[in-house]
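I have placed the structure first, in the form of structure tokens, so that the comments after it can refer back to it.
The values are calculated or read from the model by the stated rules, or taken from the named source; none is laboratory data. None of the values given here were measured: they were computed from a predicted structure. All Cβ positions, even for glycine, are placed from backbone atoms using ideal geometry, and neighbour counts span all protein chains on display. The area values use the complete protein model at the heavy-atom level, side chains included, leaving out ligands, DNA and RNA. Shrake-Rupley method; radii C 1.70, N 1.55, O 1.52, S 1.80 Å.
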Amino acid sequence: MDLNKLTALETFEGLRDKKFSSEEITKKYLEQIKSFDSKVGAFITLNETEALSQAKLVDAKIKHNESLSPLAGIPVAIKDLFCTKGIKSTGASKILENYVPPYDASVVKTIRESKGVIIGKTNLDEFAMGGSGENSGFFPTHNPWDISRVPGGSSSGSAAAVAADMCAYSLGTDTGGSIRQPASFCNATGLKPTYGRVSRYGVMAMTSSLDTIGPITKNVEDAAFILQQIAGRDEKDSTTPAEKVDDYLQEIKKDIKGLRIGLPKEYFIEGVDEEVRNIILSAAKKFEEMGAEVIDVSLPHTDLAVAAYYIICPSEVSSNMARYDGIRYGLSKRDSRELLDLYLDTKTSGFGAEVKRRIMIGTYALSSGYYDAYYKKAMQVRTLVKQDFDKTFEDIDVILTPVSPTPAWKLGENTNNPLKDYLADIFTIPASLAGICGLSLPAGFAGGLPVGIQLLGKRFDEKTILRAGYQYQQVTSWHNKKPDIK
Ligand code: GLN
């Protein structure tokens with residue numbers, strides 16, 4: 001048995017039934033990382049010593065039949081945007097290159113208190129700005145399916161690590177697609193929960209009104225399993241409501257007969273790769289065979305979403321990045337003569353090109369005289385996009401779409417054309433603007449590259465998209481395909 005191929009739930013069951021130890025599992029994952037991560041570049045920091053001692057501790061507890069949380073002993077990789085006490089947390093930015101936080105993000109705290117094994121911190125586009133993994137301030141991540149291609153982003157390392165069996169599951173963030181799109185490019189399952197479903201306390205903010213946290217996993221059942229452990233109210237994040245957390249693992253077992261699945265015509269436009277289109281349509285057919293009803297729907301403001309997002313996101317970025325001023329933490333160019341020079345020198349050498357680009361766009365969009373024309377307009381569009389979904393969900397349970405118009409592109413292909421990267425977010429951004437939940441799961445291959453489908457659900461209705469995804473994986477096996485890393 002390849003221990004590093006097990007899902008998180010299988011790992012939980014195996015540990016419980018004493019079929020193997022957490023130390024064995026952890027060592028197996030570390031071995032996998034050491035064999036292949038020089039090619040993939042999924043990890044910024046390995047947490048080997050702590051991981052092994054945590055694993056041994058769990059093993060001792062299991063030996064003495066102590067009761068443990070379901071996450072105990074399971075190796076997890078965490079996006080380097082999450083603060084981990086005592087472990088370097090960089091946001092993949094040179095400005096935080098040596099930053100070791102004095103506290104844990106709430107989700108990390110949950111994992112640590114559950115005795116989860118944090119195996120390492122994963123690479124990303126700097127501060128989660130990007131969709132290819134190439135904007136990391138350190139090195140790009142490569143797609144395990146074809147290392148000349150991007151893994152998607154911004155949770156590039158988290159998706160690649162799961163696909164390459166370097167962890168049982170990982171955590172990512174999704175602001176405009178950063179969990180769903182890399183999951184799709186790497187043949188993993190990625191869940192973007194409803195805005196507010198999972199606490200963001202201690203996760204570096206990018207676009208505070210859109211940022212969400214979720215799992216990237218080997219199948220949908222694991223996404224349900226992990227969400228159940230990390231969702232819920234957190235006093236430290238006022239955007240988390242007391243809304244009850246469903247028993248997702250129970251809910252997904254129900255069949256999908258009569259489920260109403262909407263197919264929005266705005267997601268099948270020119271520019272969508274022919275093979276991608278066919279994969280989505282055959283998934284729709286599969287759902288019909290399983291007893292669901294597939295219905296044509298329309299989300300008329302879809303084409304405005306990218307433009308609105310690329311005003312709202314940079315506007316919030318221009319404010320959120322202000323904290324990296326060289327005074328309080330991180331890089332500090334203290335040899336500068338004046339205070340203003342200190343700020344300028346720190347930011348000039350600490351931030352990468354994409355971060356600088358967004359700070360400038362956002363500052364411009366928010367400045368007096370332009371605010372009404374850009375920011376206010378974008379917020380109005382955001383309301384229209386949200387209303388599209390609200391209306392559609394009045395008689396539809398789940399919306400089925402592509403995740404991305406194309407499979408993974410070549411590294412370097414869009415470097416001089418950031419707009420091309422932005423446009424590739426066309427199918428993930430609308431759900432982000434509306435604050436609803438979305439699931440990306442493997443559904444086929446185009447030219448040997450993984451292609452995912454996206455299932456969108458109502459606010460706090462993760463149970464329904466997870467159910468549809470889980471039932472789909474009962475009758476398909478795309479999610480079980482593994483890359484041969486060369
Ligand atoms: N690709 C999008 C962007 O560059 C989304 C990023 C994200 O979800 N963090 O902003």
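For this structure, a couple of remarks:
- Couplings for the range 83-93, taken from phi via the Karplus curve 6.51 cos²θ - 1.76 cosθ + 1.60 with θ = phi - 60°, read 6, 10, 4, x, 10, 3, 9, 9, x, 6, 10 Hz in order; Gly and Pro are left as x.
- Residue ranges 4-14, 230-240 sort as 4-14, 230-240 when ordered by packing (mean number of other C-beta atoms within 10 Å per residue, highest first).
- For the range 123-174: rounded, prolate or oblate by the Cα gyration tensor [a/c cutoff 1.5]: oblate
- Reach of K347 by Cα under 25 Å, taken over lysines that are not fewer than 8 positions away in the same chain: K79, K85, K88, K94, K121, K333, K356
- The slack in the chain from E235 to E288, taken as 0.36 nm per residue of separation less the alpha-carbon distance, amounts to 14.8 nm.
- Distance between the modelled labels on S67 and L384, one decimal in nanometres: 5.4 nm (7 Å Cα→Cβ projection).
- Scattering curve values for the chain, log₁₀ I(q)/I(0), Debye with Cα scatterers, q = 0.08, 0.12 Å⁻¹: -0.43, -1.00
- Cα gyration tensor category, rounded, prolate or oblate, for the range 71-208 with a/c compared to 1.5: rounded
- Burial ranking of peptide ranges 98-105, 51-58 (average Cβ count within 10 Å, highest at the top): 51-58, 98-105
- With protein chains left intact and a 1.4 Å probe, residues in the range 13-76 average 49 Å² of accessible area per residue.
- The stretch between K482 and T49, if pulled fully straight at 0.36 nm per residue, gains 153.1 nm over its current Cα-Cα span.
- Members of K386/K482; K253/K286; K56/K254 lying beyond 29 Å, as alpha-carbon distances in this model show: K386/K482; K56/K254
- Loop-located trypsin sites (Lys or Arg not before Pro) in the range 284-384 (DSSP state not H, G, I, E or B) with no more than 12 neighbouring Cβ atoms inside 10 Å: R328, R334, R337.
- In terms of its C-alpha gyration tensor, the range 142-233 comes out oblate, because a/c is 1.5 or above while a/b does not outweigh b/c.
- Estimated from the Cβ-Cβ distance and a Förster radius of 25 angstrom, the FRET efficiency linking E97 and S38 is about 0.80.
- Taking 0.36 nm per residue of separation and subtracting the current Cα-Cα distance, fully stretching the chain between D303 and E394 would add 30.6 nm.
- Each of A60 and S367 was given a label point 7 Å from its Cα along the Cα-to-Cβ line. The distance between the two points is 6.1 nm.
- Sum of -39500 (n - 2.57) over DSSP H runs of 4+, divided by residues of the chain (222 nm, nearest 500): -11500 deg cm²/dmol
- Sites A322 and F139, calculated FRET efficiency, Cβ-Cβ separation with R0 35 Å, nearest 0.05: 0.85
- Secondary structure note: in the chain, about 70% of the DSSP beta bridges are antiparallel.
- Each residue, K420 and K85, gets one label point 7 Å from its Cα in the Cβ direction; the gap between the two is 4.6 nm.
- The share of accessible area on the chain that comes from carbon and sulfur is 51 percent, using a 1.4 angstrom probe.
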